[in-house]
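None of the figures in this text is laboratory data; all of them are computed from the coordinates on show. Since the structure is predicted, the reported quantities are computational estimates derived from the model, not experimental observations. All Cβ positions, even for glycine, are placed from backbone atoms using ideal geometry, and neighbour counts span all protein chains on display.
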Number of protein chains: 2
Amino acid sequence: MSSHWVSRCVGVVSLSMGLLVSAPVVAESPAPVTPASVLEAAGDGAWQDMAAEDLIVMTLADGSKVVWQLAPAFAPEHVANIRAFARAGWWDGAAIIRVHDNYVVQWGWPSKNDDAPEPTYPAGVNPAPPAEYDGNALKTFEAMEFKDAYAAYTGHIDGWPVASDGPNQWLVHCYGMIGVARGVNPDTGSGSQLYTVMGHAPRHLDRNLAVVGRVVSGMEHLTGLKRGTGALGFYETDAERTKIVSIKLASELPEAERPRLQYLSTGSIVFKDWLKARANRQDDFFLRPAGALDICNALPPIRTQP
Amino acid sequence: MSSHWVSRCVGVVSLSMGLLVSAPVVAESPAPVTPASVLEAAGDGAWQDMAAEDLIVMTLADGSKVVWQLAPAFAPEHVANIRAFARAGWWDGAAIIRVHDNYVVQWGWPSKNDDAPEPTYPAGVNPAPPAEYDGNALKTFEAMEFKDAYAAYTGHIDGWPVASDGPNQWLVHCYGMIGVARGVNPDTGSGSQLYTVMGHAPRHLDRNLAVVGRVVSGMEHLTGLKRGTGALGFYETDAERTKIVSIKLASELPEAERPRLQYLSTGSIVFKDWLKARANRQDDFFLRPAGALDICNALPPIRTQP
């Protein structure tokens, strides 16, 4: 792919036939402010390191790695459980058990009935923390100005996409966010089975299941898996399931193997400029800037530490 | 998978450990109205056949079939082109050229520069119809009552998800919707390269690219493909590309091979009941019904003709 071609491609198009070869170059126009130009101009100070104790590295059978960031401020008991499962190597040998198109990828032990129970939990795991944690009101909530179908407000807290009714704030079910599978009783999810959203945001799940984090690297290793053909997208045979080699806390990996990731600080001016540029696309490609942005199109950018 | 297990699964959960075995049965409660119960109770009259001349069957190298429904009322010139390409067998031997995670799958001829132009167009194809068609104001628009970040109104016209500013209505970029790839000039897409949305709805593309239809069957054959590793998710080598055996109009297939699909009529009472049940989930699993629904979570249900 020639760089010439890349330079003439924006958004979802490929310029198949060199249509712009004879387009005039308007040298006097200042370059438009775009989401990419905002990030390029940002200083390192606008980026926030992700703590190693909040990062989980999931290694799949083919060696590919999926990295998750945990959100202890929003789901402290579930995150404590997840850290305990990871520390104990409890998931090592488990599998991707469900790939439901336009919905979720789910993993854990494929125990579907009482004949195949989950392995014994590590000491200290709470088998049934509350699905909803209400200790978020003290946090600084950076609200966006745009309308939302589901909540009075949407915005960001410490790098996380959040909705709010005023007194309460909660993590939303955006693409890549991780939640806790559970039974019909809302407080029955330990964190032993987790799912990530891989389709249009199923926002009706907000406040109905505990959201505990976000896939921050390697999402494509989950979303590119074959869809399950059983009910709700579950795989029906063990042969279909991608095995999990290990799920480890980054803080327990050797220094050299730890992912070094950063998110754009959602309290920064740069982030506000980036939101504005996303909502008002000035790139040459756009004919009609939307003038708005919904919360799941406003997930904070992530990068590797420079 | 035992039916016992299925009966205890709702939404995104698997009930791993038989947690509900001892739950009391409250026999007096009427069964809640759910999206599924609304569809089960619907008469055949609420379902509308998709016309064979609006259906396209794309056959991939492994024999899997992806069916699209065209939207001639919204993109008449692009749909005329697409029918001409299909009738001529113009795409037979083309490929899936791009799989961009949380964005789009794109297909056509992998001609990326002037050295590899597209094959000559069939007679009658307009190489550059307008990206936006403004003949929609006469249609019956069934507006939803919910807020939307991007448009004054959202709702449905004849089975299609639509946004509106009052005078104008347009198709929205929801999961599975099909659009026309183009160059930087908005009116440069012939329909020779198409994409379908496979992630959170990129609504900022609305009114910037022509939307021409929707994948109505076999979406999983596209979304489960390996993500492209080139810029914008394009495949970099021919070996990575899934070949397209053929793309044909259903009306040109033998009767026995035509897909027989129906959508729930968006002007029906049943559809309004279904939207209401989706927005106010009464299924046992839900702790807090959302009370709302965004347009891309309100895509009309599809079924095979009974």
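Which order results if A:ILE269, B:ILE96 are arranged by neighbouring Cβ count within 10 Å, fewest first? Let's see the in-between values first.
Working: A:ILE269 10, B:ILE96 25.
Exposure proxy ranking, most exposed first: A:ILE269, B:ILE96.
Please rank A:ILE244, A:ILE295, fewest neighbouring Cβ atoms within 10 Å first, as an exposure proxy. Intermediate values should be presented prior to the final figure.
Details: A:ILE244 21, A:ILE295 24.
Going from sparsest to densest Cβ surroundings: A:ILE244, A:ILE295.
List, largest first, the extents of the alpha carbons of chain A along their principal axes, each in whole Å.
71, 45, 40
Given contacts defined as C-alpha pairs under 8 Å and at least six residues apart, what's the relative contact order of chain B, whole-number percent?
28
Please list the equivalent ellipsoid semi-axes of the stretch B:255-306, computed as the square roots of five times the alpha-carbon gyration tensor eigenvalues, in descending order and whole angstrom.
So the equivalent ellipsoid measures 28, 12, 10 Å along its semi-axes.
State whether the stretch B:207-269 is rounded, prolate or oblate according to the following rule on the C-alpha gyration tensor (a ≥ b ≥ c being the square roots of its eigenvalues): a/c under 1.5 gives rounded; otherwise a/b larger than b/c gives prolate, and the remaining case gives oblate. If you can, show how the numbers build up before the last one.
Values: a/c = 2.48, a/b = 1.52, b/c = 1.63.
Cα axes put the stretch B:207-269 in the oblate bin.
Relative to the longest principal Cα axis of chain B, at what angle does helix B:76-87 sit, 0 to 90 degrees, rounded to 10?
70
Can you list the copy-to-copy distances for A:SER251, using a point 7 angstrom from Cα toward Cβ, in nanometres, shortest first?
Sorted ascending, the copy-to-copy spacings read 6.5 nm.
Over the alpha-carbon set of the stretch B:27-69, divide Rg by the Kirkwood Rh and report the Rg/Rh ratio to two decimals.
Computed over Cα atoms, the ratio is 1.27.
Let me know the volume per residue of the alpha-carbon convex hull for the stretch A:46-129, in Å³. If you can, show how the numbers build up before the last one.
Working: hull volume 13.1 nm³, N = 84.
Dividing the Cα hull volume of the stretch A:46-129 by its residue count gives 155 Å³.
Would you tell me the mean number of C-beta atoms belonging to other protein chains that fall within 10 Å of each C-beta in A:201-214, as a whole number?
4
Report, as a whole number in µm² per second, the diffusion coefficient that Stokes-Einstein gives for the stretch A:70-227 at 37 °C and 0.692 mPa s using the Kirkwood radius over alpha carbon pairs.
Answer, rounded: 201 µm²/s.
Compute the label-point distances linking A:GLY230 to its equivalents in the other copies; points lie 7 Å from Cα along Cα→Cβ; give nm, one decimal, shortest first.
3.9
Can you list the copy-to-copy distances for A:ASP44, using a point 7 angstrom from Cα toward Cβ, in nanometres, shortest first?
7.1
Using only alpha carbon positions, build the gyration tensor of the stretch B:162-249, then give the equivalent ellipsoid semi-axes as the square roots of 5 times its eigenvalues, largest first, whole angstrom.
Those come to 25, 15, 14 Å.
So, with +1 on the Cβ of K and R and -1 on the Cβ of D and E, and no other charges, what is the size of the charge dipole of chain B about its Cα centre, to the nearest 20 debye?
Here the size comes out at about 460 debye.
Summing -39500 (n - 2.57) over the DSSP H runs of n ≥ 4 in the protein assembly as shown and dividing by its residue number, what mean residue ellipticity at 222 nm do you reach, to the nearest 500 deg cm²/dmol?
Numbers: 10 runs with 78 residues, N = 612.
That calculation yields -3500 deg cm²/dmol at 222 nm.
When a footprinting reagent is the concern and you count Cβ atoms within 10 Å, what order do A:VAL79, B:VAL104, A:VAL125 take, fewest first?
Fewest-to-most Cβ neighbours within 10 Å comes out as A:VAL125, A:VAL79, B:VAL104.
Separation between the A:ALA152 and B:ASP165 pseudo-spin-labels, each 7 Å from Cα along Cα→Cβ, expressed in nm?
Label-label distance for A:ALA152 and B:ASP165, simple model: 3.1 nm.
Please report the base-10 log of the normalised intensity I(q)/I(0) for the protein assembly as shown, using a Debye sum with one equal scatterer per alpha carbon and no solvent, at each q in 0.08 (1/Å).
Values returned for q = 0.08 Å⁻¹ are -0.57.
Principal axis extents for the stretch B:172-306, Cα atoms only, whole Å, descending order, please.
49, 39, 31
Among A:LYS272/B:LYS147; A:LYS139/B:LYS147; A:LYS226/B:LYS248; A:LYS276/B:LYS248; A:LYS243/B:LYS243; A:LYS243/B:LYS65, which pairs are too far apart, with a Cα-Cα distance over 32 Å?
Long pairs (Cα-Cα over 32 Å): A:LYS276/B:LYS248.
How big is the Cα convex hull of the stretch B:96-187 in projection, averaged over all directions, in nm²? The partial results should precede the final answer.
Values: hull surface 33.4 nm².
Projected over every direction and averaged, the Cα hull of the stretch B:96-187 covers 8.3 nm².
What residue of chain A has the nearest C-beta to the axis that moves A onto B, and what is that distance in Å, given as a whole number?
Closest to the axis: A:LYS147, 2.
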